[in-house]
Every structure is written in C-alpha cells, then in structure tokens.
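Below is one structure, written out as structure tokens; the observations come after it.
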Amino acid sequence: QARPGNARCADCADDGAPTWASLSNGCLLCAACAGRHRGLGVAASFVRSLSLDDWAPADLARVMASSNDAVNTFFARHGAPPSGSDRYLSDAGGLLRLTLDVRLAG
C-alpha cells in the first residue's frame, strides 16, 4: 500500500485503507468498490482480498507494476470517467489491462 495513491480506494477515493485489489487493473479498492468490480466480470476485473486470499507471485507482480495514482492518471489521459467501476468496461479500461500485460511481459 506504499505506492502512490494506494492509501485510498482507486475508485471512490475513500480514505480508509483499501482491503482489496483488482489484479486485472493493478489497483487497490475498498470493500464496497471491490463488490462492484465483482459485478463487472473477471474479464474486466478479477479481485482478491489483501489479507484473506492467497497470492501467486504473478498476482503480486501485477499489482506492484502499477498504483492507484497511475491507474487514475491513465484513465484521465484516455478520457474515461474520473471515478467509478464502469470505466473498467470502457475502451480505456481494456487499454489499461493491455498496457499492464505488455509491461509485465517485459
């Protein structure tokens, strides 16, 4: 959670420490927003608890390759809504996931 912006939820900016992560999108979320992400489907956002779930090294690497600030900046640059889970279903959301895939592929 020490990465830029990760002390708050990527979607609603709740100041409570995020307790969930979207592995697909490389960001941390509050419990309420993680629930909304589950409703998007795993193709748009696959979520894991920071404390309850087991994490594979590849999962950790994906979240560490980004930050909440980086995700929000990416969406702003690509004209997506400034907050909320629907932006992950947009073209910008698809591009974000593709960008993370490429970055992790080396």
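Can you find even one residue in segment 35-57 that is touching a Phe, Trp or Tyr at 6+ places or on another chain (Cβ under 6 Å) and charged (D, E, K, R)?
no
Checking the condition in contact (Cβ under 8 Å) with a residue 24 or more places away in the chain and not in a loop (DSSP other than H, G, I, E, B), which residue from Ala10, Ala21 passes?
After ruling out the rest, the residue left standing is Ala21.
Would you be able to say whether some residue in segment 33-40 is under 11 Å from the mean Cα position of the chain (by Cα), at negative phi and assigned to a loop (DSSP other than H, G, I, E, B)?
At the first step, the residues of segment 33-40 found to be under 11 Å from the mean Cα position of the chain (by Cα) are 33-34, 37.
Narrowing the set further to residues that are at negative phi leaves 33-34, 37.
Those left that are additionally assigned to a loop (DSSP other than H, G, I, E, B): none.
No: zero hits.
With the checklist (1) in contact with a Lys or Arg (Cβ under 9 Å, 6 or more places away or on another chain); (2) of a type outside the set (D, E, K, R); (3) open to solvent by 20 Å² or more (accessible area, probe 1.4 Å); (4) more than 21 Å from Val102 (Cβ to Cβ) in hand, flag the one item Pro18 doesn't pass.
Pro18 satisfies all of (1) in contact with a Lys or Arg (Cβ under 9 Å, 6 or more places away or on another chain); (2) of a type outside the set (D, E, K, R); (3) open to solvent by 20 Å² or more (accessible area, probe 1.4 Å); (4) more than 21 Å from Val102 (Cβ to Cβ) except (3).
Scan segment 52-59 and tell me whether some residue there is within 15 Å of Asp11 (Cβ to Cβ) and either among the hydrophobic types (A, V, I, L, M, F, W, C) or not in a strand (DSSP E or B) (or both).
Initial filter on segment 52-59 (within 15 Å of Asp11 (Cβ to Cβ)): none.
So far as segment 52-59 goes, no, none of its residues is within 15 Å of Asp11 (Cβ to Cβ) and either among the hydrophobic types (A, V, I, L, M, F, W, C) or not in a strand (DSSP E or B) (or both).
So Val63 passes all but one of these: (1) in contact with a helix residue (DSSP H, G or I) (Cβ under 8 Å, 6 or more places away or on another chain); (2) crowded, with 21+ Cβ neighbours inside 10 Å; (3) not hydroxyl-bearing (Ser, Thr, Tyr). Which condition number does it fail?
(1)
The values are calculated or read from the model by the stated rules, or taken from the named source; none is laboratory data. The structure displayed is predicted, hence computed values, not measured ones. Quick reminder, even Gly has a Cβ in these numbers, built from the backbone with ideal geometry, and neighbours come from all protein chains shown. Protein only, heavy atoms only, side chains kept; ligands, DNA and RNA dropped before computing areas. Shrake-Rupley method; radii C 1.70, N 1.55, O 1.52, S 1.80 Å.
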